[in-house]
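Worksheet: one structure, shown below.
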Amino acid sequence: MIEDDLRAAFARHEPLTPPTGPLRAAIDRLTIRRRRRRRRWQAGGVALALLGVLGIGVPLLTPERGGPPPAAELLGESARPAPTGALNILLLGLDGDGPAATRSDAVLLVHIPADRSRPYLVSLPRDLGVSIPGHGTDKLSAAFPAGVGSTRPEMTKGYELTRRTVAELTGVRVDAGVVLTYRAVSALTDAVGGVPVCLSDRVRSVHTRRVFPAGCQRLDGAASVDLLRQRYGLPWGSQDRDRNARLFAAGLVRQATGQGILTDPVRLARLLAAAGPDLVVSPDRAAILDLLRLVPTLRSVEPVGLGLPVVWPTGNDRFLRTDPKLAPEFLTALREDRLGDWAARHPRLVDRTR
């Protein structure tokens with residue numbers, strides 16, 4: 001009896017029920033938009049990672065770790081104009097993994113010129129004597145742990161203090177930041193099928209006894225990490241390690257480009273998933289959007305590797321110092337976006353990547 005009454009009531013009110021077609025269509029449209037947002041957001045993370053280590057990889061550290069960014073930014077609908085000037089991305093390579101990894105043993109400034117010709121990878125030596133805001137003079141590598149602190153370590157503060165230190169040293173604005181850990185390097189390398197690297201000299205690992213012969217070779221994730229850790233036994237110590245890091249970065253760019261990963265959002269998303277939790281992007285939203293816009297505009301993604309000219313310590317000095325003859329001209333070229341001209345005038349100081 002009750003069931004009959006209910007059926008009769010539904011029958012009387014059915015004509016008043018709005019059609020379901022438009023509602024279903026609206027739900028479908030919303031679902032598609034959300035899927036596109038997630039894909040673009042994941043692709044944005046990898047693009048920033050690749051722009052970092054390669055010069056075009058890895059976890060971005062910024063203070064923001066909140067909810068999802070506005071839809072307009074995710075969909076590329078921001079009213080912000082596309083960047084037209086030069087951009088600088090700070091890449092920090094940590095010596096280790098997890099909370100104990102606080103030494104930034106590799107410091108690269110990725111310079112993308114206003115003419116979008118190609119990225120420049122500029123190594124800043126870890127042992128360079130610099131003024132660290134609020135902490136006096138110390139090695140550049142000391143800025144990260146000084147910022148992180150010891151009582152309640154905060155990695156974002158380590159990045160921020162290093163960013164301020166590099167900005168004061170170079171005189172350029174740092175537009176975005178990337179922090180690289182060993183696990184992330186290994187995962188990215190294996191995900192692209194290995195990275196080709198051409199070494200000018202034989203390198204023997206003091207950690208694993210692995211031998212990297214002079215010449216060109218393809219490295220898997222474990223071998224890449226092993227090479228990037230080496231400085232003892234190399235003729236120029238940490239400067240040789242910086243050069244090898246630039247060679248690795250150039251090889252990673254070349255490998256990703258050859259596979260079409262940089263221009264394929266789906267493959268970028270898969271690469272992000274392969275790296276897993278060690279490739280965590282905490283967005284500087286505007287910077288990610290700007291960098292995404294830049295990738296297709298680059299005339300070449302083959303980076304030019306350069307090192308800040310320095311001189312060795314003398315006497316009781318324990319720091320590397322900027323070369324009084326070459327460094328001022330180099331830093332002026334960096335600030336004035338003329339690194340291409342500087343590299344053309346000093347070809348012997350440009351990395352040979354093949």
Test: residue in the stretch 173-189 that is in contact with a helix residue (DSSP H, G or I) (Cβ under 9 Å, 6 or more places away or on another chain), open to solvent by 30 Å² or more (accessible area, probe 1.4 Å) and of a type in the set (A, V, I, L, M): no
Selection from the stretch 108-151 of residues that are touching a strand residue (DSSP E or B) at 6+ places or on another chain (Cβ under 8 Å) and either farther than 22 Å from LEU180 by Cβ or acidic (Asp, Glu) (or both): PRO113, ASP127, GLY129, SER131, THR137, ASP138
Strands (runs of 3 or more DSSP E) lying entirely in the stretch 145-220 (those with 3 or more residues that are within 29 Å of THR257 (Cβ to Cβ), within 16 Å of the chain's Cα centre (by Cα) and of a type outside the set (Asp, Glu)): 176-180
Residues located in the stretch 221-239, provided they are buried (at least 16 other Cβ atoms within 10 Å of the Cβ) and in a loop (DSSP other than H, G, I, E, B): GLN230, ARG231, LEU234, GLY237
Residue match in the stretch 103-115 (condition: modelled with pLDDT of 90 or more, surrounded by 20 or more Cβ atoms within 10 Å (Cβ to Cβ) and not aliphatic (A, V, I, L, M)): yes
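The values are calculated or read from the model by the stated rules, or taken from the named source; none is laboratory data. For clarity, every value in this text was computed on a predicted model and none was experimentally measured. Cβ coordinates were reconstructed from backbone atoms using ideal geometry, including for glycine residues, and neighbour counts include every protein chain displayed. Calculation scope for accessible area: heavy atoms of the full protein, side chains included, ligands and nucleic acids excluded. Shrake-Rupley method; radii C 1.70, N 1.55, O 1.52, S 1.80 Å.
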